Amino acid sequence: MASSPAKVVDVHTHMYPPEYVKILESRNTIPLVRSFPGSSDPRLILLSAEVPSLEEASKEQASQDVVVPGRPLTKHYSSLDQKIHFMDTHNIDISVISLANPWLDFLSSDEAGPVATSINNEFSAMCALHPGRLFFFGTLPLTASLNVILSSIAHISQLKYCRGVILGTSGLGSGLDDPALRPIFSAIADANLMVFLHPHYGLPNSVFGPRQEKGEYGHVLPLALGFPMETTIAVTRMFLAGVFDQVRTLKMLLAHSGGTLPFLAGRIESCISHDGHLFASLHGRRTMWEVLREQVYLDAVVYSDVGIKAAVAASGDEGVDRMMFGTDHPFFPPLGTDEDGEWESVGLNAQAVKKALAEGSLESEKVMGGNAVRVLRLFEE
Ligand code: 5CU
């Protein structure tokens, strides 16, 4: 019997459904959507690093050459047709779509539950329009009460195309090591849902120091450095608090290849072994390496073969079975070429996998799609 051709699966691909964009349009503080003179598309302003340029551009007498804040909110963010076009252009067979940051983190407790239900139903309906090509990670109303959050997990676990939840690092407001999150992690694990952990808050602007010139080096510091450190810190706190031991069936897919965890796991272990107090209290625990091998999956959104090799190696002998291709669409569009054509950012990630694992090899096929199909049960419609 001929084996079916290997699938290409994108596990890191976002959308902001129209309902969510409307919420952002109604806001005066980040996250928000706003139009500016001289910019054809409305601007999506998400990050605290963008607040200084937002304030500058919002001044009544803003100068002509002021930096327009945020990023253009193109059709790529909300249009399902555009998502399918993007998949076809890049030979992506299946996408596991998710709401982009900052999810529902900014909604009031009362708003969060109904909005989560509506957004999750909308994602479910989009998947149903393209059966077998689209699955999704749901979003949770984390500012609502525990009962509402648990009901939301019960709701999404019944949705045919839902395979997990996308989660930021703030949890209920106190980080992912917060004991109050334990029943939520347990409910997610019991429902056989993956947690897709994604950064949003980065590091405080002050960490990057005073900037020399206006422009603040664009998005480079918060996105290239702040995002990965945020993920690293969140998972390390979970590990130190023993969350992975308390919820052994919890499975986490870490965005951007785990931030800097593959590189820093050894240093984290060494710091524990040389900390008299911690060493005693953590004696007998599993190591970070074991947690990486047993409960963590990494996406391949790292843009270089060096990062891919490190991430695969960090996940142990079977590391190549724990990594999954992603694009981060609709973020990082091409600047100099047509957005309806091929995206350089996608090519960089695909090339990195090919270079690290050899084009056409079984290993490469696993990362490009086989692992996602297996781990996220994408063959089960
Ligand atoms: O460009 C950005 O700010 C982002 C973002 O906010 N989220 C993401 O997933 N990628 C890039």
Taking N as the residue count of segment 18-77, its alpha carbon Rg divided by 2.2 N^0.38 Å gives 1.07
Cβ density ranking, 10 Å radius, fewest first, applied to H200, H274 yields H274, H200
The set of residues whose placed amide H lies less than 5 Å from the amide H of R43, leaving out same-chain residues fewer than 5 positions away, is R34, S35, F36, L73
One would report the antiparallel percent of DSSP beta bridges in the chain, rounded to the nearest 5, as 15 percent
Extension length gain for F279 and D88 (0.36 nm per residue less Cα distance), in nm, is 63.6 nm
Expressed as a whole-number percentage, the relative contact order of segment 18-77 with C-alpha contacts under 8 angstrom and at least six residues apart is 28 percent
Looking only at aspartates and glutamates whose Cα falls under 14 Å of K160's and that sit 8 or more positions away or on another chain, we get E122, E380, E381
Mean separation of Cα contacts under 8 Å (at least 6 apart) over the residue count of the chain, i.e. the relative contact order in percent, is 17 percent
Checked against a 30 Å limit on the C-alpha separation, the offending pairs among K75/K355; K83/K354; K75/K251; K7/K355 are K75/K355; K75/K251
Taking 360-369, 317-326 and ranking on average Cβ neighbours within 10 Å, highest first, one gets 317-326, 360-369
Scoring only Lys, Arg, Asp and Glu (+1, +1, -1, -1) among other residues with Cβ under 14 Å from the Cβ of F279 yields -1
Under the helix-only model (-39500 (n - 2.57) for each DSSP H run of 4 or more, divided by the residues of the chain), the mean residue ellipticity at 222 nm, to 500 deg cm²/dmol, is -11000 deg cm²/dmol
With a ≥ b ≥ c from the Cα gyration tensor eigenvalues, square-rooted, and the rule rounded for a/c under 1.5, otherwise prolate when a/b > b/c and oblate otherwise, the chain is rounded
Net charge near S124 (other residues with Cβ under 12 Å of its Cβ; Lys, Arg +1; Asp, Glu -1) is +1
Between M15 and residues 5 or more places away or on another chain, the pairs with built amide H atoms under 5 Å apart involve S98, L99, A100
Total charge of the residues flanking D245 in space, meaning their Cβ is under 9 Å from its Cβ, with Lys and Arg +1 and Asp and Glu -1, is +3
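Bear in mind these aren't lab numbers, they're just calculated from the coordinates by the rules spelled out. Only a predicted model underlies this, so the values are computations on that prediction, with no experimental measurement involved. Here Cβ is always computed from backbone atoms with ideal geometry, including for glycine, and neighbour counts include all displayed protein chains.
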